[in-house]
């Protein structure tokens, strides 16, 4: 009767209950099953080396530099190319970084024509068949527009403590950039040592944006859990497990389908424009006037006209609150909001080329604006990229690696069981110890299944390392619990088990600290190995080891391996 009471008390222990619940939850996320004809299956995700598939290595092309130019030559070049007519610049004045360029031209120039140039705001007056124009602009905006037009790419200026830094999102050599700037009386700025401020590559923020766009695009078409990894500021690695090389290249290079529609009734809407009518997308910003985060974008001529026509036809210009402007990416709604009253009034009279999609004023709205920036690009990457490496891992080879990994894990457990039995010679110690190790493996796999972590060879190595670390800890517990081969009196037991866990926690902390730099700074194999090892250690010290200490005490006490008080 006493044994029955003790066994019952074991299952009333909160640590044991938590252990059992976590173990059952892990089995649920692993979902082991046998399918006739296919064999044993699980819901786990496997990486490229275990599943087979393809990998791509991409280099981000670009340059980061500081530039200057002659505003007279630059303004004349940009405006004449934009309006396709010669101009006569009367004056250029500068006030705290804002330039006012006054010029005349015989062409009938409208505000819309100047707006399309995206170089500033204009004030136009027509007299004696001559257009008198005052353009309010900035040098950085003019230089960015000039380079963007000549290189057919985005050029993003950013103010720094040393001046304005330009990120050119395509490949261009220092020599070619110098020649291009010389056409507008410009040059590459030099540092205090006389060296040109120029480096190949892109900013870290642009690299991360490219990675996010690739991840978002891959996930939007149902290919979840495809790891997109960055290496330095210029390289991105993508593993497409289970996908052939041709499909992988198509996924990485093909943009998504972006569409803007206008709601007609509560559940219906009509098509306005597709993503190819979006000429450019600006960086998400904050509007101090209305306290809103927003994402700016510009439409092409045909896109602006098409959007205006649909807005008028649906009544959105007359009753904007009843007709939301809705954006879709690959048929998934990513934004919906009514036109502002001012935008509706202007759209009723003429097309609008420059738009701002507002998302709200809080921190969450900032994230939505940044995400919308990615969606508006329709999966198009912010920089030109060069495919510098690719490869394919045969599915048969991947299956072979998976089988070999399983065999390696089983051999590790058998080796551990043999060593433990040789050391203690007691099945009542061997079974709980090996059982605890197996349960830890199940919990690690369950965690991987719950978060969608891809298991690859380094991850399997991490699990095996966690088994070894776990056995070390279990041996420490067992050695401290046993006193002259038997269970010591309770006071001695508590003292020794406390000592054992102080050693275990110190050892676990050392392992976690040693692996943390690999998680923060490593990539690929190193990062996967480190994460899996840390997860295994945490599961062990927080869940499995305390339960083992309780179980081994009860087992030894029940089997009569106890010293007298």
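The values are calculated or read from the model by the stated rules, or taken from the named source; none is laboratory data. Nothing here was measured: the structure is a model prediction, and the numbers come from that model. Methodologically, a virtual Cβ is constructed for each residue, glycine included, from the backbone with ideal geometry; neighbour enumeration extends over all protein chains shown.
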For region 453-474, does any single residue satisfy the condition of being surrounded by fewer than 21 Cβ atoms within 10 Å (Cβ to Cβ) and at pLDDT 85 or above? no
Wholly within region 75-182, which strands (runs of 3 or more DSSP E) include no fewer than the required count, namely at least 2 residues that are within 37 Å of the chain's Cα centre (by Cα)? 155-160, 163-168
Set 210, 265: member being at pLDDT below 85 and exposed (fewer than 15 other Cβ atoms within 10 Å of the Cβ): 265
Given the conditions (1) part of a strand (DSSP E or B); (2) in contact (Cβ under 8 Å) with a residue 12 or more places away in the chain; (3) more than 38 Å from the chain's Cα centre (by Cα), report the number of the one that residue 56 does not fulfil. (3)
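Could you please let me know if residue 387 is touching a residue at least 40 places away in the same chain (Cβ under 8 Å), surrounded by fewer than 18 Cβ atoms within 10 Å (Cβ to Cβ) and either touching a helix residue (DSSP H, G or I) at 6+ places or on another chain (Cβ under 8 Å) or on the phi > 0 side of the Ramachandran plot (or both)?
Judged against the criteria, residue 387 is a match.
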Only residues in region 184-205 that are in contact (Cβ under 8 Å) with a residue 24 or more places away in the chain and in the same structural domain as residue 74 (by TED's automatic domain parsing) count as the first member; pair them with residues that are buried (at least 18 other Cβ atoms within 10 Å of the Cβ) and in a helix (DSSP H, G or I), Cβ under 6 angstrom, at least 6 apart or cross-chain, and list the lot. 184/74; 184/77; 187/181
Report the residue count in region 95-137 for those that are within 21 Å of residue 155 (Cβ to Cβ) and either free of Cβ contacts under 8 Å to residues at least 12 places away in the same chain or out of contact with any strand residue (DSSP E or B) (no Cβ under 7 Å at 6 or more places or on another chain) (or both). 3
What residue, of 48, 10, 14, is buried (at least 20 other Cβ atoms within 10 Å of the Cβ) and either closer than 30 Å to residue 445 by Cα or at pLDDT 90 or above (or both)? 48
Given the criterion closer than 17 Å to residue 543 by Cβ and in a helix (DSSP H, G or I), identify the matching residue among 466, 417, 408. 466
Kindly indicate which of 205, 158 is modelled with pLDDT under 90 and surrounded by fewer than 16 Cβ atoms within 10 Å (Cβ to Cβ). 205
In region 343-374, the residues that are assigned to a strand (DSSP E or B) and over 20 Å from residue 321 (Cα atoms): 354
Scan of region 81-94 for residues that are farther than 11 Å from residue 137 by Cα and free of Cβ contacts under 8 Å to residues at least 60 places away in the same chain, ordered by number: 82, 83, 84, 85, 86, 87, 88, 89, 90, 91
Check on residue 118, touching a helix residue (DSSP H, G or I) at 6+ places or on another chain (Cβ under 7 Å), in the same structural domain as residue 185 (by TED's automatic domain parsing), at pLDDT below 90 and crowded, with 16+ Cβ neighbours inside 10 Å: yes
Any residue in region 266-276 that is assigned to a helix (DSSP H, G or I) and within 28 Å of residue 207 (Cβ to Cβ)? yes
Give 491, 527, 499 a once-over and let me know the one that is assigned to a helix (DSSP H, G or I) and at pLDDT 85 or above. 499
